[in-house]
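For reference, the structure discussed in these notes is given below.
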Amino acid sequence: MEAGSGAARSGADRRLQLLSPCDPGRSSAIQMSGSRSEVGGRLGTTARAGMERWRDRLALVTGASGGIGAAVARALVQQGLKVVGCARTVGNIEELAAECKSAGYPGTLIPHRCDLSSEEDILSMFSAVRSQHSGVDICINNAGLARPDTLLSGSTSGWKDMFSVNVLALSICTREAYRSMKERKVDDGHIININSATKYAVTALTEGLRQELREAQTHIRATCISPEVVETQFAFKLHDKDPEKAAATYECIKCLKPEDVAEAVIYVLSTPPHVQIGDIQMRPTEQVI
């Protein structure tokens with residue numbers, strides 16, 4: 001899978017590998033069941049209560065070329081935001097941008113090529129956002145990478161690849177987004193991390209970030225959203241040599257949809273500034289435990 005492709009991780013890839021969605025999983029703090037959406041998403045073009053203050057402000061969505069990233073980018077454009085969607089390849093994002101424009105959504109989707117495994121690429125992207133659009137008000141760290149490398153038999157290179165995108169790139173984007181907000185005196189920004197099992201370190205990072213933001217006496221908020229099995233192309237890229245195994249990942253239960261996660265993002269952003277949503281855990285209703 002490409003580091004910035006946005007094909008969202010399933011959330012069930014325990015111990016650096018993707019397991020069956022029928023396996024036991026984490027307990028849920030907030031449970032949301034999945035349902036199939038019409039093209040364009042369930043959110044519609046009507047502004048959600050609480051989202052008005054974000055209209056015309058800029059959100060960065062990493063891994064926006066497919067899966068959860070594309071659904072989140074679309075939902076934000078529907079709510080009137082300017083959205084910079086990044087990935088290693090931007091063809092799908094360009095198509096989505098054209099679709100959003102054709103649908104008459106009030107926001108704008110701006111494709112940007114960025115290899116998130118490269119710090120130079122990330123810094124260049126933030127520099128371009130600063131010069132062309134002032135800066136970032138919302139940072140949604142969605143891009144993720146998985147390899148079928150277990151702790152007992154995995155390759156060190158596979159672990160490094162995952163850590164480079166799932167932890168380091170997320171941390172760099174978080175740092176640069178905060179700097180962008182701070183230099184423009186933005187005190188109500190939001191950083192949202194899309195989490196999963198291989199990115200479980202993100203849970204601790206998000207809580208540490210929340211505490212650092214409090215120490216900095218800012219009202220910028222930090223949220224972690226942890227979906228379990230989401231039906232995307234992710235499993236087919238992870239198991240590219242075994243399409244039957246990939247298909248089985250999504251067949252034994254009714255999985256979450258990318259739009260379910262996008263709705264959680266909109267919910268988090270629409271809460272009043274004094275409300276801190278720390279962690280949302282999502283799983284299909286039919287998933288055991």
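What to note about this one:
- Heavy-atom surface analysis with a 1.4 Å probe gives the range 68-227 a carbon and sulfur content of 50 percent of its accessible area.
- Highest mean packing first, where packing is the average number of other Cβ atoms within 10 Å per residue, the peptides 128-136, 280-288 line up as 280-288, 128-136.
- Surface analysis of the range 52-282 yields an accessible area of 41 Å² per residue, using protein heavy atoms and a 1.4 Å probe.
- Distance from the Cα centroid of the range 199-228 to that of the range 63-79 is 21 Å (rounded to whole angstrom).
- Dimensions (Å) - the range 104-233, Cα atoms, principal axes, largest first: 48, 35, 31
- Inter-label distance, nm, simple model (7 Å from Cα along the C-beta direction), Ala128/Cys252: 4.2 nm
- 27 Å Cα cut-off, lysine pairs counted over the range 52-282 (separation 8 or more, or different chains): 22
The values are calculated or read from the model by the stated rules, or taken from the named source; none is laboratory data. Because the structure is a prediction, the values reported are computed rather than measured. When we count neighbours, we look across all protein chains shown, and the Cβ atoms used for this are built from the backbone with ideal geometry, even at glycine. Quick note on the areas: whole protein, heavy atoms, side chains included, nothing else; ligands and nucleic acids left out. Shrake-Rupley method; radii C 1.70, N 1.55, O 1.52, S 1.80 Å.
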